[in-house]
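These notes concern the structure reproduced below.
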Amino acid sequence: MHAPGAQPFGIPWAAQPPALRARSVLQWHWATRGTWTPQRWTLDFAVFLDGEPVGAQGLSAVGFPVRREVATGSWLGLPYQRQGLGKEMRAAVLVLAFAHLGALSAVTGAFTDNIAAVKVSRALGYHDDGQQIADRDGARVLARRFRLTAPPDMQRWPLVTVSGADDEFLGMCGAADPAGHQALPLGGYPHA
Ligand SMILES: CC(C)(COP(=O)(O)OP(=O)(O)OC[C@H]1O[C@@H](n2cnc3c(N)ncnc32)[C@H](O)[C@@H]1OP(=O)(O)O)[C@@H](O)C(=O)NCCC(=O)NCCS
């Protein structure tokens, strides 16, 4: 999913030999499913193109019943990058989050040299939300933070459809009662 030497993730799990990589992927998914609560959950979607698995798009939250904020992370196999899929799959989970779960904001981050990840966030309307010091496999580096405080423009993503977001699922996400929550005045600062 990335060229040799590139390090889009803090932990270089994608650069491991195939057997170790497969084990760590499975352990990640078992852990997220096994520890799911309405207060802390990670929902990892597989991304399919013409029936073939090509990547993953994650959506997660901590304290969603009150905070109403989600975070995202994603990857695509190299042959499937730079075709607009990264934007499309991010848009899909944002529609789920804002339109179905009642999210009021979404955050994400990327190392400063991860141009593709930064551009996906820009294209979806996120604004700058500062920087943080990160540990990239033992190196002290800067990461950029981004925040989105309005739903994605549905006119731009007419093909996104959400299924399965029933009452049971909303309850699992701590999203059963969106009433009474107000958007905070976090938006509005200028794009850099
Ligand atoms: C991040 C990632 C999911 C983006 O998916 P993608 O399908 O390649 O992105 P898109 O095709 O939707 O392109 C989004 C924008 O980035 C640009 N872009 C994509 N790859 C680029 C690259 N290598 N260099 C410069 N620009 C790039 C596109 O031109 C597009 O710009 P636009 O909005 O001006 O048209 C994908 O690159 C990936 O899997 N990277 C490795 C893992 C990773 O970095 N995950 C995120 C960790 S924070």
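A short reminder: the numbers here are calculations on the coordinates, not readings from a lab. Keep in mind it's a predicted model, so treat the numbers as computed, not measured. Don't worry about glycine lacking a Cβ; one is built from the backbone with ideal geometry, like all the others, and counts go over all protein chains shown.
Points to keep in mind about this one:
- Using 0.36 nm per residue and subtracting the Cα-Cα separation, the extra length available between residue 16 and residue 119 on full extension is 34.4 nm.
- Length-normalised contact order for region 39-172 - Cα pairs under 8 Å, 6+ apart - percent: 19
- Taking 110, 31, 143 as the candidate residues, the one with maximal mean-square fluctuation in a Gaussian network model of the chain, Cα springs under 10 Å, is 31.
- With N as its number of residues, region 39-172 has a Cα radius of gyration that, divided by 2.2 N^0.38 Å, comes to 1.05.
- Charge dipole (region 39-172, unit charges on Cβ, about Cα centre) - positive-most of 163, 45, 97: 97
- Length gained on full extension, residue 37 to residue 6, computed as 0.36 nm times the residue gap minus the Cα-Cα distance: 7.8 nm.
- The modelled label-to-label distance for the pair residue 166/residue 112, using points 7 Å beyond Cα in the direction of Cβ, is 4.9 nm.
- Largest mean-square fluctuation among 176, 165, 117, in a Gaussian network model of the chain whose springs join Cα atoms under 10 Å apart, belongs to 165.
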